[in-house]
Each structure stands twice: as C-alpha cells, then as structure tokens.
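J.: Starting off with a structure, shown below.
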Amino acid sequence: MHIDVLTLFPEIFAPFLSTGIVGRAHDNGLIAVRLTNFRDFTHDVHRTVDDKPYGGGPGMVLKCQPIFDAVRHLDANADPPPQRILLTPQGRPLDQQLAAELALQKALLIICGRYEGFDERIRLGLKPLEVSVGDYVLSGGEPAAMVLIDVVTRLLPGALGDDQSAADESFCDGTLEYPQYTRPAEFENMKVPDVLLSGNHQEVDRWRQLQRAERTRLRRPDLIPPAEPG
Ligand code: ADE
C-alpha cells in the first residue's frame, strides 16, 4: 500500500516508521510511506500556510492553496488516485470496520492539520474522507495519522508474523479480547486459571469465548448489538 502523508512536521514520523510491525512492513515494502511538507508548496518568502479567520476569532486557519497544490502534485503522479483522508475530530470515528475498509485501498493520502483548523474549502474542494481517532482534540493530525497507519498496516496480509493474531484480537468480531497469561503459573499469589493449564483445547476455547462475552458486557456494553425484536 502506498501512503502519502501531508504534514508540517514530517520529522515526527521517523521512529514510528522504523519500529515494530509498522517498521517491518515498511522495510518489507508492504507499505511505502512518503512524507510531504505542504509548506514546500507555498510561494511567499515567509512560507505561509495559515492565516487569520474571516469573521474574527482566536487562532489561525490552514490556507487552501498549499494543501490543494500539494494534493494535486501527489495525485498527478499516482494511478489510481489515492483515497484522500482528512484527519479531524469532526470525522467518521475510526474503528476496526473503517480500518478494514481502508486496508483494501491501494493508496491513501492523509492530510494532517495543525492550528485551529482547515479552511472549509479544503473539505468542499478536495472531498476527503474525514476521519477522527476519538472524541478529543489533538494539537495536530500527526498522532492521528500514526494511529491510522498502524491500524491499517496490521491488517495487510503478511504484516503480522502469525496471520491468526489479527483475527484473535479485540474488535475483530466486535468484542474485546480474552485475558492472556504466560509463565509462571503463579505470580505473587495470583494463579493462572486451571483451564489454561489443562491442555484441553475445547475447554480453553469455551473459556475464552465466555471471557470475551463477559468482558465486553462489563466494559463495553455499547459494542453489543441490540437483540432482534420479536
Ligand atoms: N486532529 C485533532 N484532533 C483529532 C482527532 N481527534 N482525530 C483526528 N484528527 C485530529
């Protein structure tokens, strides 16, 4: 998958892109990430990317021109054009379902904002898919872009050492993951549940299913679909 990121702070991506599962996917060519600073698309001596909001008010607003020019430049070299994504708290909440949809794309173009926000015409003119990583306001889209790249990368075939591990995780079937243990069998008086030491795979599976259901009910009842009427 080809991933373009438009950002004013490309340098903050370096350790993220060279570490762990994302780092390996990057090394293996499973993902190719290109970082573009849209300040490079300004034409004035001050390299201005933002300006005061019309109508007054605090903060600065990201201007249309550098972002439009950067997107068009990247699009011109891409076939097919990448799925445009604008990171904003106003966007569609990122969940495993959206991640799975995005993982099917050949190419993504992720736009990270800073300051108070974007000129609305960036939304209207570039028609990106707007994505939020949660109901809070970040200082910029960059951490959100890393979340998005991470969650999509782990869904690409071959990204995880063992393909089963993505299928076993929380949310893959809309529920939370069961509790996990490793050696020793007892630590500070806390024992591993007997069933996990039993060697009975059927019993282990049953226990895990129950734990998933119970955890989801207690911690995230919002994830449980309402019962069918009738
Ligand atoms: N930019 C600032 N806050 C954000 C959020 N919650 N999600 C995505 N992008 C953002």
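J.: With +1 on each Lys and Arg Cβ and -1 on each Asp and Glu Cβ, how big is the dipole of the range 123-230 about its Cα centre, in debye rounded to the nearest 20?
T.: 220
J.: Helix 142-153 sits at what angle to the longest principal axis of the chain, using alpha carbons and giving 0 to 90 degrees rounded to 10?
T.: Relative to the chain, helix 142-153 is tipped by roughly 50 degrees.
J.: On a C-alpha basis, how far is the centre of the range 168-230 from the centre of the range 51-101 in Å? Whole number, if you could?
T.: Cα centroid to Cα centroid, the span is 39 Å.
J.: Let me ask something else. As a test of the formula, what do you get for the chain when each DSSP H run with n ≥ 4 contributes -39,500 (n - 2.57) and the sum is divided by the residue count, at 222 nm and rounded to the nearest 500 deg cm²/dmol?
T.: Dividing the helical sum by the residues of the chain leaves -10000 deg cm²/dmol.
J.: Translational diffusion coefficient of the range 94-230 at 25 °C, 0.890 mPa s, Stokes-Einstein with Kirkwood Rh over Cα pairs, in µm²/s as a whole number.
T.: 132
J.: Here's another thing I want to ask about it. Pick out, from Gly199, Pro66, Thr88, the residue whose Cα sits farthest towards the positive end of the charge dipole of the chain, with +1 on the Cβ of Lys and Arg and -1 on the Cβ of Asp and Glu.
T.: Checking the options against the dipole of the chain, the answer is Pro66.
J.: If you count only protein heavy atoms and use a 1.4 Å probe, how large is the accessible surface of Tyr136, to the nearest 10 Å²?
T.: 120
J.: When ranked by the protection proxy of mean other Cβ atoms within 10 Å per residue, highest first, what sequence do the peptides 205-212, 143-150 form? Show your work: numbers first, answer last.
T.: Numbers: 205-212: 14.4, 143-150: 20.4.
So the order, starting with the most tightly packed, is 143-150, 205-212.
J.: Distance from a point 7 Å along Cα→Cβ of Glu120 to each backbone N in the range 54-88: keep the residues under 18 Å and list them by number.
T.: 54-65, 88
J.: Another question about this same structure. Among 42-54, 64-76, how do they line up from the highest to the lowest mean number of other beta-carbon atoms within 10 Å?
T.: Highest to lowest by the protection proxy: 64-76, 42-54.
J.: What fraction of the Cα pairs in the chain, stated in percent, has a spacing above 26 angstrom?
T.: Every Cα pair in the chain considered, those over 26 Å come to 50 percent.
J.: What order do you get for 23-33, 184-194 when each peptide is scored by the mean count of other beta carbon atoms within 10 Å, highest first?
T.: 23-33, 184-194
J.: Follow-up. At q = 0.15, 0.16, 0.25 Å⁻¹, what log₁₀ I(q)/I(0) does a Debye calculation on the Cα points of the range 68-153 give, no solvent, two decimals?
T.: Summing over Cα pairs of the range 68-153 leads to -0.53, -0.60, -1.40.
J.: Follow-up question, since we're still on this one. Tell me, what is the 1.4 Å probe accessible area of Thr19, in Å² to the nearest 10?
T.: 90
J.: Something else about it: Mind checking which of Pro82, Pro58, Pro93 has the largest fluctuation in a GNM of the chain, springs on alpha carbons under 10 Å?
T.: Pro58
J.: Mind pulling up the Rg/Rh value for the range 104-178? Radius of gyration and Kirkwood radius, both on Cα.
T.: Details: Rg = 15.5 Å, Rh = 14.8 Å.
That ratio equals 1.05.
J.: Among all the lysines, which ones have a C-alpha under 19 Å from Lys127's C-alpha, if same-chain residues fewer than 8 places away are not counted?
T.: Of all the lysines, those that pass the test against Lys127 - Cα under 19 Å, at least 8 places apart if same chain - are Lys63, Lys106.
J.: Using a simple charge model, +1 on the beta-carbon of Lys and Arg, -1 on the beta-carbon of Asp and Glu, nothing else, what dipole does the chain show about its Cα centre, in debye to the nearest 20?
T.: 320
J.: Counting only protein heavy atoms and a 1.4 Å probe, tell me what percentage of the chain's accessible area is made up of carbon and sulfur.
T.: Summing carbon and sulfur atoms, their accessible area is 53 percent of the total for the chain.
J.: Give the relative contact order (percent, whole number) for the chain; include only Cα pairs under 8 Å separated by 6+ residues.
T.: Relative contact order comes out at 19 percent.
J.: Across bins of 10 angstrom width beginning at 0, how are the C-alpha pair distances of the range 29-70 distributed, in whole percent?
T.: Pairs per bin, as whole percents: 26, 38, 24, 9, 2.
The values are calculated or read from the model by the stated rules, or taken from the named source; none is laboratory data. Since the model is a prediction, treat every value here as computed from it, not as a measurement. Don't worry about glycine lacking a Cβ; one is built from the backbone with ideal geometry, like all the others, and counts go over all protein chains shown. When the accessible area is computed, the model is the full protein with side chains, heavy atoms only, and any ligands, DNA or RNA have been set aside. Shrake-Rupley method; radii C 1.70, N 1.55, O 1.52, S 1.80 Å.
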